[in-house]
1. Can you compute the radius of gyration and Dmax for segment A:368-416, using only the Cα atoms, both in Å?
2. So what J values fall out for segment A:223-240 if you push phi through Karplus, 6.51 cos²θ - 1.76 cosθ + 1.60 with θ = phi - 60°, rounded to Hz, Gly and Pro as x?
3. Quote the FRET efficiency, to the nearest 0.05, computed for A:Lys407 versus A:Leu13 with a Förster distance R0 of 41 Å and r equal to the Cβ-Cβ distance.
4. With every protein chain left in place, what is the accessible area of A:Leu138 in Å² (1.4 Å probe, nearest 10)?
5. With labels modelled as points extended 7 Å from the Cα through the Cβ direction, what inter-label distance (nm, one decimal) is found for A:Thr383 paired with A:Ser69?
6. Could you identify which residue out of A:Gly317, A:Gly288, A:Gly15 has the top mean-square fluctuation in a GNM of chain A using Cα springs shorter than 10 Å?
7. Charges only on Cβ, +1 for Lys and Arg, -1 for Asp and Glu: so what's the dipole of chain A about the Cα centre, in debye to the nearest 20?
8. With only alpha-carbon atoms in the gyration tensor, what are the semi-axes of the equivalent ellipsoid for segment B:1-67, in Å, largest first?
Amino acid sequence: MHFSGLRVIREALTGHKGWKPLWRNPEPQPAYDYIIVGGGGHGLATAYYLAKTFGRARIAVLEKSWLGSGNIGRNTTIIRSNYLLPGNEPFYEFSMKLWEGLEQEFNFNAMVSQRGILNLCHTDAQRDAFRRRGNAMLLAGADAELLDREQVRAMAPFLNFDNARFPIKGGLLQRRAGTARHDGVAWGYARGADMRGVDLIQNCEVTGFRIDGGRISGVETTRGHIAAGKVGVAVAGSSSRVMAMAGMRLPIESHVLQAFVSEGLKPTIPGVITFGAGHFYVSQSDKGGLVFGGDIDGYNSYAQRGNLPVIEDVAEGGMALMPMIGRARLLRVWGGIMDMSMDGSPIIDRTPVEGLYLNAGWCYGGFKATPASGYAFAHLLATGRPHETASAYRLDRFARGHVIDEKGVGAQPNLH
Amino acid sequence: MLIPHPLLGLRDAQEFTYLGDAALLNRPDGMAEGAEAAFAEYVYLRDNPAGVHRELWFHEQGDRSWLVVTRDTTTHEILGAELARDVKLKGGAA
Ligand SMILES: Cc1cc2nc3c(=O)[nH]c(=O)nc-3n(C[C@H](O)[C@H](O)[C@H](O)COP(=O)(O)OP(=O)(O)OC[C@H]3O[C@@H](n4cnc5c(N)ncnc54)[C@H](O)[C@@H]3O)c2cc1C
């Protein structure tokens, strides 16, 4: 089934009777060459690129719940490549380039919208740091513009420029950044993988690994044993739990991050805007809801819901930055469990168990990474070598002292 | 969340800052054989369990004591709290 404008018109004229389910619902086979554990954005993208770009076959994605039930369907949909460090920026810019061609690539509307991200600065020191970061972005082939106060005012006149404590001094703008429809991304990759023969197996939780002589030979699941040549784990907030079944401890704590959406409003926020003096960021969905968020709750959690103090804190940040938000009514609040890693950066690597690979530690920023993460993980699974943009994401970098710590806060996951 | 402080009674968790797994009380011996590997593990690796977790909270806006709080990470239910000092004197957080 190919999607196109013509097809939409034809279906509209014939009562929408020609649409088909986007993927099959197959029974698990006894054995696969590649098993991907976790049917979130990263797992589905991995399976897609394994089949399409690397030409591999006999692939399954095992998802304990339904496809997209995890963080891929819970995030605030921001995509950007505005990182500082050399281990990160080329990877996120690679991801940004994949986003730019994604909808044509997998023939699905993921509502990729390059509406820009504006990070505000409130002190001279912050502006200097942004200048440095912007230059690092330009060096990696990304776009960056440093705006002064008046340029920010022209873009977003509703901000509180005269906040006595946190006056807005300017901002770092990445025009190519923006948002994408999170579910659409999962569905697009799922459909593309299924079309190329990947078995997407839902309600199938991995409960153990079968390891013979240091080599993986398959997985135990709630739907029985499935043999596999190679296994790639991409389970986001559950990485520690899943890898413990292979006898590994990870440099990760699981934390809850909350997200918020207001009632639908007329268009008011031009792109994504982030407060530089407190943790608050906001964008407006195409339906009109203000989508915003802030800090993680800050203690280990697998509860998939947060507590009131952070809601209050986020609301205070919003009021400090754009007092008009006080007039909007909050519609929904929800939480997702994420892997907070010890340096705030992810892991895409093999493990001490031969044939077992790990994609983890995405913190609160893994949605934007979805295309590149899938591509790089597929590259690693197919060729045994890291993708050139992901070569810093090694599991042993902590013991070696090669951490990638964007914020410079050290081994304290709740501060990243 | 309310933390049952052993000296002060129920206190709002907002008065505290969170450090992490109470296993951090068991600092390796820097002079021992294999200290480098032991420290890499101590600093970076965590059990990160889903369920009962013993963890360090600092009563920053209170009496500035360190507590070991026992909490269920799947429900946020707090099961108990002790002074970290007492836990350490009893031999650590294992
Ligand atoms: C509130 C919130 C806001 C966010 N905002 C942004 C943002 O604006 N921009 C951004 O870039 N990132 C954001 N993120 C982060 C981003 O959502 C995640 O980093 C990313 O989605 C994680 O990768 P994933 O999509 O593969 O995860 P998931 O969708 O969580 O996929 C993991 C899957 O593994 C499955 N699984 C777990 N255990 C097992 C098992 N034993 N067997 C089988 N399957 C299993 C789970 O059910 C789940 O479906 C946000 C996260 C949250 C929670």
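1. For segment A:368-416, the Cα radius of gyration and maximum Cα-Cα distance read 12.8, 35 Å.
2. 3J(HN,Hα) across segment A:223-240, in whole Hz: 10, x, 6, 10, 7, 8, x, 9, 10, x, 9, 9, 10, 6, x, 9, 4, 4.
3. On the way: r = 54 Å, r/R0 = 1.32.
The pair A:Lys407/A:Leu13 has a calculated efficiency of 0.15.
4. 90
5. Rounded to a tenth, the inter-label distance reads 3.6 nm.
6. Sorting by GNM fluctuation, first place goes to A:Gly15.
7. Around 780 debye, computed over chain A.
8. Working: eigenvalues 165, 38, 15 Å².
Ellipsoid semi-axes (Å, largest first): 29, 14, 9.
The values are calculated or read from the model by the stated rules, or taken from the named source; none is laboratory data. In this text, all values refer to a predicted model and were calculated from it rather than measured experimentally. Counting neighbours? That spans all protein chains shown, and the Cβs are built from the backbone with ideal geometry, glycine included. Surface accessibility is based on the protein's heavy atoms, side chains included, excluding ligands, DNA and RNA. Shrake-Rupley method; radii C 1.70, N 1.55, O 1.52, S 1.80 Å.
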